[in-house]
């Protein structure tokens with residue numbers, strides 16, 4: 001009897017949070033981002049998907065919102081909200097933000113990284 005190789009089961013979704021800023025003005029987006037990052041950290045969420053859109057909907061066809069969000073995440077405000085690092089996702093239309101939980105600031109290890117938000 002021949003055994004058929006079993007497919008690897010899909011990864012379990014990581015506990016996370018999604019913040020959709022797409023379509024907001026930069027000022028409204030940063031207020032929403034601050035509020036939602038604080039809420040995520042209180043809930044002990046380590047990884048947040050921040051959706052900014054790719055920026056092709058504005059007259060200049062340039063990603064205005066993502067640049068503002070990245071600057072905010074890198075600032076002292078981001079650090080106070082527990083931002084450890086972030087990376088681009090969804091072909092530049094989103095950011096995966098890693099948060100400090102329990103006062104621990106560290107980069108995620110391989111076991112904590114999933115692929116549900118990868119560009120593949």
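Where a number appears in this text, it was derived from the coordinates with a stated rule and is not lab data. Just so we're clear, the structure is a prediction, and the values are computed from it rather than from any experiment. We place every Cβ from the backbone using ideal geometry, glycine too, and count neighbours over all the protein chains shown.
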(request) Calculate, in nm to one decimal, what residue 25 and residue 39 gain on full extension: separation in residues at 0.36 nm each, minus their alpha carbon distance. (result) 3.0 nm
(request) For residue 54 and residue 18, calculate 0.36 nm times their separation in residues minus their Cα-Cα distance, and state this gained length in nm to one decimal. (result) 11.3 nm
(request) Would you mind computing, in nm to one decimal, how far apart the modelled labels at residue 79 and residue 62 are, each placed 7 Å from Cα along Cα→Cβ? (result) 2.8
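Looking at the range 16-104, I'd like the Rg to Rh ratio, where Rg is from alpha-carbon atoms and Rh is Kirkwood's inverse mean 1/r. Please report the intermediate quantities before stating the final value.
On the way: Rg = 12.3 Å, Rh = 12.9 Å.
For the range 16-104, the value is 0.96.
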